[in-house]
1. Given labels modelled 7 Å from the Cα in the Cβ direction, how far is it in nm from D42 to Q148?
2. Of all the stretches in the chain, which is the longest one without any exposed loop site, taking trypsin sites (Lys or Arg not before Pro) in a DSSP loop (any state but H, G, I, E, B) with at most 15 other Cβ atoms within 10 Å?
3. Whole Å is fine, so just give me how far the alpha carbon centre of the stretch 107-147 lies from that of the stretch 163-179.
4. Placing one identical point scatterer on every Cα of the stretch 81-151 and ignoring solvent, what is log10 I(q)/I(0) from the Debye formula at q = 0.15, 0.19, 0.24 Å⁻¹?
5. What residues of the stretch 87-112 lie in the reach of a label at S52, counting those whose backbone N is under 15 Å from a point 7 Å from the Cα along Cα→Cβ?
6. What FRET efficiency would be calculated for the residue pair Q75, D27, taking the C-beta separation as r and a Förster radius of 30 Å, to the nearest 0.05?
7. So for the chain, averaging the separation of alpha carbon pairs under 8 Å that are six or more residues apart and normalising by length, what relative contact order in percent results?
8. Could you compute the FRET efficiency for A113 and A156, with r as their C-beta to C-beta distance and R0 at 30 Å, rounded to 0.05?
Amino acid sequence: MKTQHAGNVSEAESELKKGPVHRFLADDHARLDLLLQRAFADPDRIDLQAYSEFRSGLLKHIAMEEKVLLPAAQQARNGEPLPIAAKLRVQHGALAALLVPSPTSAICAAIRAILKDHNPLEEDSGGVYEVCERLAGPEAGIMLAKLQSFAEIKLAPHNDGPLVIESTRRAMARAGYRLEDYI
């Protein structure tokens, strides 16, 4: 257990301050992390069932943020998007692009690198989840219900065509990453 330092909030107290929207989305991050870990646990064989669940789940998670969370925050700010929204969107684009080709260790490494930077922007104190929930105020319950009832994503088959890698490379570059660093 972490100890509390003078003036700092303990991890337990911080967890208590998180609202239900924040907890729901952060718990989904944890679920997705476990699926990705399971998919690549054996270096000699990718668990395709776990990866398929991860892929579907990540696309759903991105869609929930893009279609429910970020628009609600923008509406609450009189049409002004959150300052971090553009960065989140290019990272979402890079992640989605990485889910198009068949999974490889390099794809997994790139996904992990982006999520390592991305998830704290949403989950940490003062992050997007906290801000969006605060902006929603009494409507946070409605937001949570929309997130919880969000439809599953129908997956298209993987595409390993010649244009896919170039498209993925461009999406990653827009988000500040180089595909070559993982291949």
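FYI, it's all coordinate maths here, none of it is from the lab. Because the structure is predicted, anything quoted here is derived from the model rather than measured. Positions of Cβ are generated from backbone atoms using ideal geometry, with glycine treated the same way; all protein chains shown enter the neighbour counts.
1. 3.7
2. 78-153
3. 23
4. -0.64, -0.91, -1.10
5. Correct set: 102-103.
6. Computed FRET efficiency for Q75 and D27: 0.75.
7. Here the relative contact order equals 29 percent.
8. 0.80
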